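> My questions all concern the structure below.
The values are calculated or read from the model by the stated rules, or taken from the named source; none is laboratory data. Being a predicted model, the structure only gives us computed values, none of them experimental. Here the Cβ is made from the backbone with ideal geometry for all residues, glycine too, and neighbour counts use every protein chain on show. Remember, those area values only see protein heavy atoms, side chains included, never the ligands or the DNA or RNA. Shrake-Rupley method; radii C 1.70, N 1.55, O 1.52, S 1.80 Å.
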Amino acid sequence: MTAPASSDTLMEDIVGLCKRRGFIFQSSEIYGGYNGFYDYGPLGVELRNNIKQAWWRDFVQCRDDMEGLDSTIIMHPKIWQASGHVDGFSDPMVDCKESKLRYRADQLFFAPVSVDGETIGYVSVVECIDQQEVAEKAAAEMKRKMAKQGDLDPIVLKEYTEAKPEQYLLIPSPATGKPGSLTKPREFKLMFETKVGPLADDSATAYLRPETAQGIFANYKNIVDTGRVKIPFGIAQIGKAFRNEITPRNFIFRSREFEQMEIEYFIAPNADWKALHREWIDTCTDWLVSIGLPRAGITEDIHPEDKLAFYSQATTDLMFQFPHGEQELWGIACRSDYDLKQHQEHSGKSMTIFDETAKEKYVPHVIEPSLGVDRTLLAVLSAAYTEDEVPNDKGKVEKRVLLKFSPKIAPVKAAIFPLLKNKPELVEAAKKLYKKLQRRWNVFYDASGAIGRRYRRQDEIGTPFGITIDFDTIEKDGTFTLRDRDTCEQRRVTEDELVKFLEEQIGG
Ligand code: GAP
């Protein structure tokens, strides 16, 4: 029997496993941690690299219409003025004057509590998977405490950004439960500032990039001039991005330092951008499935026109069922020619391209699939986390935790075990195979403990295959036992069969 953990505890289970087994640690943990920053341990960095490599291989190396780029994190501040980020990249923030806690106003919800049409107060709730239920309970409690007779009217939650000025003093702070301490929403700039050069005045102000995209736009001319690109074509980049998020939360889902995998796909202004947008949405969905996410867990969220980002003509987000609810994983936006035109105007450099087929010169439009590495990693962990029951060495059924990673992205591809550690001939044969496989894949050698316990340790970190060297290997036919992580089934294979099988399953 196999079952994913319940969503209530799934995030806690994942966070616990990530720390226990060395995937992800809180940054600066020895100093009490640093909110919104995470470090990746030995297994985390392998998983992360595998996700990035799969993306790079599939979207850059395997396509004839894509070029790669690695631009700097700190760029000329004028880039962020031209892109609109200096003036427009902010989130609405609200402070609780009493508790000193801060909230994002678009993640804080409120509703009037009315009994038979008479408003008796307000409830507030911070965005969460069961916010409606939490708000309804709070409303029922308010009615009970005030000993009001009659029926509660339905609770209709609204974003705090929609509150009217006369409501600010009536809405309770989620921190204290009392009204009167919340400020009105004000814009909070998300870009981290730093100083570049010896002067510390305003002229030295620079920014840590909040998206890798602008590095692509800033290099578009270089790539057009030096490459052999033909419209349509894309430029892809993987790199760190930084945002001073007001409320970083849900583990690595929303952090202040994260990594993005972004593509700017340049198309003719008269191209059928809606059809191309659709094509990118499908390609991106298929890629998520190829790294092991269940297709049924991925949905599309089409942004309504009045909620589009300042640069966007149309945006569809690929949403994923994370442990804390259905949330954005991959944003796929049609950015028109907004960015290139802005840079053309601010830099004075032409951003036109000559289209050989159409025999005309123009500033191209762009489709932008933008994916977070950390968010993908959390999605992969959530989809892979499984608890089931299997018999131990003595045949007794025990609970097991396993990560069902696709072999393509699993941090460790196979574990090699000598059946007994005190038999030199088994150890020698196992180490020989280990050294051979290590040249091609990240494999692990483990000789300590009962074989069942060794399997369990690998199951928990998602190693898809276990290879055991026993007496038949050295005394009879040279075959190994190959064990499948998910089914626990075992079969005997020769070395050639093993390598061929691993090649097929892992690739590379
Ligand atoms: N260039 C467009 C852009 O940056 P975005 O929707 O703000 O668009 C794109 O970000 C993707 O980057 C998101 O879909 C998400 O996967 C990831 N991302 C954004 N902010 C993040 C954060 N604070 N922490 C982790 N990932 C984030």
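> If you check 288, 371, which single one turns out to be under 26 Å from residue 251 (Cα atoms), in a strand (DSSP E or B) and of a type outside the set (S, T, N, Q)?
371
> Then there is this: With the requirement that a residue be of a type in the set (A, V, I, L, M) and free of Cβ contacts under 8 Å to residues at least 60 places away in the same chain, what does segment 187-203 give you?
Applying the first criterion (of a type in the set (A, V, I, L, M)) to segment 187-203 yields 190-191, 196, 199-200.
199, 200, listed by residue number.
> Quick check on my filter: what residues within segment 232-257 are in contact with an Asp or Glu (Cβ under 6 Å, 6 or more places away or on another chain) and open to solvent by 30 Å² or more (accessible area, probe 1.4 Å)?
240, 254, 256
> Quick one: which residue in 418, 411 is touching a helix residue (DSSP H, G or I) at 6+ places or on another chain (Cβ under 9 Å), under 27 Å from residue 327 (Cα atoms) and modelled with pLDDT of 95 or more?
On the way: 418 fails: under 27 Å from residue 327 (Cα atoms).
Sole residue among the options that is touching a helix residue (DSSP H, G or I) at 6+ places or on another chain (Cβ under 9 Å), under 27 Å from residue 327 (Cα atoms) and modelled with pLDDT of 95 or more: 411.
> Of the residues that make up segment 115-126, is at least one open to solvent by 40 Å² or more (accessible area, probe 1.4 Å), within 24 Å of residue 181 (Cα to Cα), in contact with a helix residue (DSSP H, G or I) (Cβ under 7 Å, 6 or more places away or on another chain) and in contact (Cβ under 8 Å) with a residue 40 or more places away in the chain?
yes
> Take the residues in segment 302-345 that are over 19 Å from residue 262 (Cα atoms) and of a type in the set (Asp, Glu), then tell me which one is least open to solvent (accessible area, probe 1.4 Å).
Filtering segment 302-345 for residues that are over 19 Å from residue 262 (Cα atoms) and of a type in the set (Asp, Glu), the one least open to solvent (accessible area, probe 1.4 Å) comes out as 326.
> Restricting attention to segment 212-241, and to residues there that are of a type outside the set (Lys, Arg) and within 14 Å of the chain's Cα centre (by Cα), which single residue is nearest to the ligand (Cβ to nearest atom)?
Going residue by residue through segment 212-241, those that are of a type outside the set (Lys, Arg) are 212-220, 222-227, 229, 231-239, 241.
So of that shortlist, the ones also within 14 Å of the chain's Cα centre (by Cα) come out as 238-239, 241.
Values: 238: 12, 239: 12, 241: 7 Å.
Among residues in segment 212-241 that are of a type outside the set (Lys, Arg) and within 14 Å of the chain's Cα centre (by Cα), the one nearest to the ligand (Cβ to nearest atom) is 241.
> On the basis of being farther than 30 Å from residue 408 by Cβ and of a type in the set (A, V, I, L, M, F, W, C), does residue 123 make the cut? If you could, list the steps in order and put the result at the bottom.
On the way: farther than 30 Å from residue 408 by Cβ: yes; of a type in the set (A, V, I, L, M, F, W, C): yes.
Answer is yes for this residue.
> Tally up the residues in segment 70-89 that are open to solvent by less than 30 Å² (accessible area, probe 1.4 Å) and under 23 Å from the mean Cα position of the chain (by Cα), please.
Qualifying residue count, segment 70-89: 2.
> Which residues, taken from segment 23-62, are assigned to a strand (DSSP E or B) and either open to solvent by less than 60 Å² (accessible area, probe 1.4 Å) or among the aromatic types (Phe, Trp, Tyr) (or both)? Spell out how you get there, then give the answer.
Step one: of segment 23-62, the residues assigned to a strand (DSSP E or B) are 24-26, 38-40.
24, 25, 38, 40, listed by residue number.
> Does residue 174 fit the bill of being at pLDDT below 95, out of contact with any Ser or Thr (no Cβ under 8 Å at 6 or more places or on another chain) and farther than 23 Å from residue 261 by Cα? Please lay out each step first, then the result.
Details: at pLDDT below 95: yes; out of contact with any Ser or Thr (no Cβ under 8 Å at 6 or more places or on another chain): no; farther than 23 Å from residue 261 by Cα: yes.
Spelling it out, it is not the case that residue 174 is at pLDDT below 95, out of contact with any Ser or Thr (no Cβ under 8 Å at 6 or more places or on another chain) and farther than 23 Å from residue 261 by Cα.
> Do we have any residue at all in segment 441-458 that's hydroxyl-bearing (Ser, Thr, Tyr), surrounded by 15 or more Cβ atoms within 10 Å (Cβ to Cβ) and within 25 Å of the chain's Cα centre (by Cα)?
Within segment 441-458, none of the residues are hydroxyl-bearing (Ser, Thr, Tyr), surrounded by 15 or more Cβ atoms within 10 Å (Cβ to Cβ) and within 25 Å of the chain's Cα centre (by Cα).
> Right, here's the next one. If we only count strands (runs of 3 or more DSSP E) wholly inside segment 302-365, which ones have 2 or more residues that are within 11 Å of the ligand (Cβ to nearest atom) and among the small types (Gly, Ala, Ser)?
Details: elements: 314-322, 325-336, 353-355, 360-362.
Answer list for segment 302-365: 325-336.
> So, in segment 291-301, how many residues would count as being open to solvent by 70 Å² or more (accessible area, probe 1.4 Å) and in a strand (DSSP E or B)?
Matching residues across segment 291-301 total 1.
> Moving to a separate point now. For segment 10-22, name all the residues that are small (Gly, Ala, Ser) and in a helix (DSSP H, G or I).
Once the filter is applied, which keeps residues that are small (Gly, Ala, Ser) and in a helix (DSSP H, G or I), segment 10-22 yields only 16.
> Right, next: Residues of segment 249-263 being more than 6 Å from the ligand (Cβ to nearest atom) and either among the charged types (D, E, K, R) or under 14 Å from residue 212 (Cα atoms) (or both), which ones? Before you say what the answer is, go through the steps one by one.
So in segment 249-263, the residues more than 6 Å from the ligand (Cβ to nearest atom) come out as 249-253, 256-257, 259, 261, 263.
Within segment 249-263, 249, 256, 257, 259, 261, 263 qualify.
> Does segment 220-240 hold any residues that are touching a residue at least 60 places away in the same chain (Cβ under 8 Å) and either of a type in the set (D, E, K, R) or under 30 Å from residue 9 (Cα atoms) (or both), and which are they? Talk me through it step by step, then tell me what you get.
First, pick out the residues of segment 220-240 that are touching a residue at least 60 places away in the same chain (Cβ under 8 Å): 220-221, 223-224, 227, 229-240.
If the condition is that a residue be touching a residue at least 60 places away in the same chain (Cβ under 8 Å) and either of a type in the set (D, E, K, R) or under 30 Å from residue 9 (Cα atoms) (or both), then 221, 230, 240 are the ones that fit.
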